[in-house]
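Student: Below is a structure I'd like to ask you about.
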Amino acid sequence: MKKKFSLGKVATHAFLIVWLLLCVFPLYWLLCFSLKDTQEIFNGNLIGLPTQWLFSNYANAWGAGGNISVFLMNSVIDTAVTLCITSLMGFMSAYGLLRMRWKGQKVVMTYIMMGMMIPMHAALYPLTETLLPLNKTYWALIIPYAAFNIPITILILSGFITNIPYEMEEAACIDGSGIFRTAFTIILPMMVPAIATAAIFVFLQVWNELLLATIFASGKVRTLTVGIQQMSGQYQTDYGSMGAALVIATLPTLVLYMCMSGQVQRSLIAGAVKG
Amino acid sequence: MKRVLSNKWSIAVFVLPTVLFFTYIVIIPIFKSFYYSLLSEIPAKVGDQSEFVWFENYIKMFTPGRRNAFPEAVLNSLYYAGLSIFVQLPFSLLIALILANGVKSESLYRNLFFIPVVISSVVISLLWQRIYKDLVPSIYEIFHLTLPKNGFLANKDTKLMAVFLPSLWQFVGYHMLLMYGALKSIPTDVIEAATVDGAGGVRMALRIQIPMIKPMLKVCLSFSLIGSFKLFDTPWILLERANKSLPALSMYVEMFSNHKYSYASAQAMFIVFECLAFTVLLNILFKDWDGFTLRRGRRRLAA
């Protein structure tokens, strides 16, 4: 490879840096206005760093006016329970579908994978009927979230689970272990990285979901996405608190991404087939 | 051993709960939706039954009329798909090629470009709302430009573009990552052989790299297409309520604001059919592309 300082290289970097700024600037801007008060923004300090760092905006959004803490808790509960369900059911059915041997396993696999191609718009109205008794509970969101994310979980797990040698089961079987013990104490620990990959993908889907949340999450069980969207209506004039709410809503995903960017990227590549 | 892995009871325990759950929550509602879409509207009087009207709702959906916004909504979503395919994807591909061919601090760029993808589209939309309402006007002021009437989000001519821009921007990182990953997995000896044969830069990209990541390009294309038909979050937040300018919005408004369940179900089914149709179309196109290059290759060999 040639290595020299050239005009082309400078242009390339300039291009990349411009796009980089366009990617990161909105975040910087958000962080800044979450620490300013409305007065400051309207007096012309639109882009610069805040003159006074108003952490009171965060306190305001968190409890007093904004109730972000409640929404955050709701999102955490919904996401956590959904992940438990998709991981457990995903693992069990991936094991049953791809590891065990029976007639019709391909048919069942195709059946579940077909569900992945169909957008959830299609099920929306009948779902409101089905889930009516659960209205205003966490389950009204958790159940559809889990059901719609099981196929992609199985798909992500399938790539890993078929690569584990069958000698594992054979050895366990000879040692007198039953199928459930084999699956949960021998295969499951080996599947942890794959389950994590799937879980990160599902986490991002569920945490950021809006369409179902606007329908099924009302009252006390509103999630972050619905909550901040409604807040933005009330907080037209209080930019600072709104900004703070947005930062709080973004923080969990952003921290996750910063801690394990490689893993998050792998997850999203693995889940891309979902469309 | 084989007996253990084929035990019907254990298979049922592993698979059956998921299948039943999935069927009850995903599959049955879809068929119900289709059934509802064939009914007339639920009558206001209690006790009256809706009638079976076959495809009347579908016909109504596409009957041109001043008050029927659905055809335009479909056109708008195709417009978004076009922008996504002809602007967003080539742009992402360009970035992916630059990064994959090795620049300084390649992974830093990649990690930062990807940030918008992990942020909720609700946050992104609310952020862009502020950008349109505060930041852009002040920039316009500096350069003494005139703003579109009513602002970007309410003006008839700029509205659509203003709504599309945030999600186009947000997902460049995703497409870039997918293409970058595919480019990186091209075996190095292929690249080396091409370099020895004198291919460099643009020729390498067009003749070797892009053809070799075709499967991933297909994934990106279907992602764009399906995403454009399903687009909901950004327009839902950025446009005023009861806006029906995109299929998913139209469906939502008809369903939950106007309570026209059958008509809305027909629109929902249309979104599904559209997604499936385009998936099939992409499969055919890409098969043809393979066939085309193969044939050309053979002809060259014969010559």
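Student: Testing A:THR128 on (1) outside any helix (DSSP H, G or I); (2) over 22 Å from the mean Cα position of the chain (by Cα), one condition comes back false. Which one is that?
Tutor: Result: A:THR128 fails condition (1) only.
Student: Can you name the condition, by its number, that A:LEU204 falls short on among (1) under 13 Å from B:VAL123 (Cα atoms); (2) in a helix (DSSP H, G or I)?
Tutor: Unmet for A:LEU204, out of (1) under 13 Å from B:VAL123 (Cα atoms); (2) in a helix (DSSP H, G or I): (1).
Student: Can you pull out the residues in region A:162-180 that are open to solvent by 50 Å² or more (accessible area, probe 1.4 Å) and in contact (Cβ under 8 Å) with a residue 24 or more places away in the chain?
Tutor: Within region A:162-180, just A:THR162 meets the criteria.
Student: Tell me, which residue of region B:51-72 that is out of contact with any strand residue (DSSP E or B) (no Cβ under 8 Å at 6 or more places or on another chain) and charged (D, E, K, R) is least open to solvent (accessible area, probe 1.4 Å)?
Tutor: Checked region B:51-72; the qualifying residue least open to solvent (accessible area, probe 1.4 Å) is B:LYS60.
Student: While we're looking at this one, here's another question. Which of the residues that make up region B:16-31 are open to solvent by 10 Å² or more (accessible area, probe 1.4 Å) and either touching a helix residue (DSSP H, G or I) at 6+ places or on another chain (Cβ under 8 Å) or at the interface with chain A (Cβ under 7 Å from one of its Cβ atoms) (or both)?
Tutor: First, pick out the residues of region B:16-31 that are open to solvent by 10 Å² or more (accessible area, probe 1.4 Å): B:16-17, B:19-21, B:23-24, B:27-28, B:30-31.
Those that are open to solvent by 10 Å² or more (accessible area, probe 1.4 Å) and either touching a helix residue (DSSP H, G or I) at 6+ places or on another chain (Cβ under 8 Å) or at the interface with chain A (Cβ under 7 Å from one of its Cβ atoms) (or both): B:PRO17, B:VAL19, B:PHE21, B:TYR24, B:ILE27, B:ILE28, B:ILE30.
Student: Given the residues A:LEU7, A:LEU16, A:LEU54, which is the only one that is open to solvent by 50 Å² or more (accessible area, probe 1.4 Å) and at pLDDT 75 or above? Explain how you work it out, then say what you get.
Tutor: Working: A:LEU16 fails: open to solvent by 50 Å² or more (accessible area, probe 1.4 Å); A:LEU54 fails: open to solvent by 50 Å² or more (accessible area, probe 1.4 Å).
The conditions single out A:LEU7.
Student: Scan region A:144-173 for residues that are at the interface with another protein chain (Cβ under 8 Å from one of its Cβ atoms) and farther than 30 Å from A:LEU210 by Cβ and jot them down.
Tutor: A:GLU169, A:GLU170, A:CYS173
Student: Select from region A:122-143 the residues that are open to solvent by less than 10 Å² (accessible area, probe 1.4 Å) and facing chain B (nearest Cβ under 9 Å) and write down the one among them that is nearest to A:ASN208 (Cα to Cα). Give the steps one after another, and end with the answer.
Tutor: The initial filter retains those residues of region A:122-143 that are open to solvent by less than 10 Å² (accessible area, probe 1.4 Å), namely A:122-124, A:126-127, A:131, A:140-142.
When the remaining residues are screened for being facing chain B (nearest Cβ under 9 Å), the result is A:122-124, A:126-127, A:131.
Details: A:ALA122: 20, A:ALA123: 19, A:LEU124: 18, A:PRO126: 23, A:LEU127: 20, A:LEU131: 21 Å.
So, considering only residues that are open to solvent by less than 10 Å² (accessible area, probe 1.4 Å) and facing chain B (nearest Cβ under 9 Å), the one nearest to A:ASN208 (Cα to Cα) is A:LEU124.
Student: Farther than 30 Å from B:VAL123 by Cβ, of a type in the set (Gly, Ala, Ser), buried (at least 20 other Cβ atoms within 10 Å of the Cβ) and in contact with a helix residue (DSSP H, G or I) (Cβ under 6 Å, 6 or more places away or on another chain): does that describe A:ALA194? Full working, then the answer.
Tutor: Working: farther than 30 Å from B:VAL123 by Cβ: no; of a type in the set (Gly, Ala, Ser): yes; buried (at least 20 other Cβ atoms within 10 Å of the Cβ): yes; in contact with a helix residue (DSSP H, G or I) (Cβ under 6 Å, 6 or more places away or on another chain): yes.
No: the conditions fail for A:ALA194.
Student: Next question, about the same structure. Looking at this structure, is A:ALA94 crowded, with 21+ Cβ neighbours inside 10 Å and either in the same structural domain as A:SER34 (by TED's automatic domain parsing) or not polar (S, T, N, Q) (or both)?
Tutor: On the way: crowded, with 21+ Cβ neighbours inside 10 Å: yes; either in the same structural domain as A:SER34 (by TED's automatic domain parsing) or not polar (S, T, N, Q) (or both): yes.
When the stated conditions are applied, A:ALA94 passes them.
Student: Next up: Could you run through region B:109-132 and say how many residues are at the interface with chain A (Cβ under 7 Å from one of its Cβ atoms) and small (Gly, Ala, Ser)?
Tutor: Within region B:109-132, residues that are at the interface with chain A (Cβ under 7 Å from one of its Cβ atoms) and small (Gly, Ala, Ser) number 2.
Student: Quick check: is even one residue across region A:108-118 buried (at least 21 other Cβ atoms within 10 Å of the Cβ), in a helix (DSSP H, G or I) and of a type in the set (Phe, Trp, Tyr)?
Tutor: no
Student: Shifting gears a bit: Please find, within region A:205-226, the residue that is nearest to the other protein chains (Cβ to nearest Cβ) out of those that are open to solvent by less than 20 Å² (accessible area, probe 1.4 Å) and small (Gly, Ala, Ser).
Tutor: Looking at residues that are open to solvent by less than 20 Å² (accessible area, probe 1.4 Å) and small (Gly, Ala, Ser), I get A:ALA213.
Student: Something else now. Among (1) within 8 Å of chain B (Cβ to nearest Cβ); (2) closer than 27 Å to A:TYR125 by Cα, which single condition is A:VAL202 missing?
Tutor: (1)
Student: Mind listing whichever residues of region B:143-173 are assigned to a helix (DSSP H, G or I), within 24 Å of A:SER34 (Cα to Cα) and not small (Gly, Ala, Ser)?
Tutor: Here is the first cut: in region B:143-173, the residues assigned to a helix (DSSP H, G or I) are B:159-173.
If we keep only those that are within 24 Å of A:SER34 (Cα to Cα) as well, we get B:162-163, B:165-167, B:169-170.
Result: B:VAL163, B:LEU165, B:PRO166, B:TRP169, B:GLN170.
Student: Mind checking which pairs have a first residue in region B:180-198 that is assigned to a helix (DSSP H, G or I) and a second that is basic (Lys, Arg), Cβ under 8 Å, 6 or more apart or different chains?
Tutor: Cβ pairs passing all conditions: B:TYR180/B:ARG110; B:ALA194/B:ARG207.
Student: In region A:181-201, what residues are in contact (Cβ under 8 Å) with a residue 40 or more places away in the chain and not in a loop (DSSP other than H, G, I, E, B)? First the steps, then the outcome.
Tutor: Keep residues of region A:181-201 that are in contact (Cβ under 8 Å) with a residue 40 or more places away in the chain, which gives A:183, A:187-188, A:191, A:195-201.
Within region A:181-201, A:ALA183, A:ILE187, A:LEU188, A:ILE195, A:ALA196, A:THR197, A:ALA198, A:ALA199, A:ILE200, A:PHE201 meet the criteria.
Student: Same structure, new question: Test of understanding: among A:PHE25, A:PHE55, A:PHE15, which residue is out of contact with any Cys (no Cβ under 9 Å at 6 or more places or on another chain), within 10 Å of another protein chain (Cβ to nearest Cβ) and closer than 27 Å to A:THR225 by Cβ?
Tutor: Details: A:PHE55 fails: within 10 Å of another protein chain (Cβ to nearest Cβ); A:PHE15 fails: closer than 27 Å to A:THR225 by Cβ.
A:PHE25 is the lone residue from the list that is out of contact with any Cys (no Cβ under 9 Å at 6 or more places or on another chain), within 10 Å of another protein chain (Cβ to nearest Cβ) and closer than 27 Å to A:THR225 by Cβ.
Student: Assigned to a loop (DSSP other than H, G, I, E, B) and within 11 Å of chain A (Cβ to nearest Cβ): which single residue out of B:GLY102, B:GLY65 fits that description? Please lay out each step first, then the result.
Tutor: Details: B:GLY65 fails: within 11 Å of chain A (Cβ to nearest Cβ).
Sole residue among the options that is assigned to a loop (DSSP other than H, G, I, E, B) and within 11 Å of chain A (Cβ to nearest Cβ): B:GLY102.
Student: Any idea which residue in region B:1-15 is nearest to A:GLU170 (Cα to Cα), counting only those that are within 7 Å of chain A (Cβ to nearest Cβ) and among the small types (Gly, Ala, Ser)?
Tutor: B:SER6
Student: Is it the case that some residue within region B:277-284 is modelled with pLDDT under 85, under 27 Å from the mean Cα position of the chain (by Cα), surrounded by fewer than 19 Cβ atoms within 10 Å (Cβ to Cβ) and away from chain A (no Cβ under 11 Å)? Lay out the reasoning, then the answer.
Tutor: Restricting attention to region B:277-284, the residues satisfying the condition of being modelled with pLDDT under 85 are none.
No, region B:277-284 contains no residue that is modelled with pLDDT under 85, under 27 Å from the mean Cα position of the chain (by Cα), surrounded by fewer than 19 Cβ atoms within 10 Å (Cβ to Cβ) and away from chain A (no Cβ under 11 Å).
Per-residue answers, yes or no, for (1) crowded, with 21+ Cβ neighbours inside 10 Å; (2) part of a helix (DSSP H, G or I); (3) within 13 Å of the chain's Cα centre (by Cα):
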| site | (1), (2), (3) |
| --- | --- |
| A:ILE228 | yes, yes, no |
| A:MET231 | yes, yes, no |
| A:MET242 | yes, yes, no |
| A:LEU246 | yes, yes, no |
| A:THR250 | yes, yes, yes |
| A:VAL255 | no, yes, yes |
| A:GLY262 | no, yes, no |
| A:ARG266 | no, yes, no |
| A:VAL273 | no, yes, no |
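Student: Just to be sure I understand, how many residues within region B:1-15 are among the β-branched types (Val, Ile, Thr) and buried (at least 19 other Cβ atoms within 10 Å of the Cβ)?
Tutor: Going residue by residue through region B:1-15, those that are among the β-branched types (Val, Ile, Thr) are B:4, B:11, B:13, B:15.
Checking the rest, the ones that are also buried (at least 19 other Cβ atoms within 10 Å of the Cβ) come to B:11, B:15.
Going through region B:1-15 one residue at a time, the tally reaches 2.
Student: Could you list, in sequence order, all residues of region A:181-191 that are among the aliphatic types (A, V, I, L, M) and open to solvent by 10 Å² or more (accessible area, probe 1.4 Å)? Don't jump to the end; show me each part of the working.
Tutor: Start the filter on region A:181-191 by keeping residues that are among the aliphatic types (A, V, I, L, M), which leaves A:183, A:186-188, A:190-191.
Within region A:181-191, A:ILE186, A:LEU188, A:MET190 qualify.
The values are calculated or read from the model by the stated rules, or taken from the named source; none is laboratory data. Here the structure is a predicted model, which means the values were calculated and not measured. All Cβ positions, glycine included, derive from the backbone under ideal geometry; neighbour counts span all protein chains shown. Just so you know, the surface numbers come from the protein's heavy atoms only, side chains and all, with ligands and any DNA or RNA stripped out. Shrake-Rupley method; radii C 1.70, N 1.55, O 1.52, S 1.80 Å.
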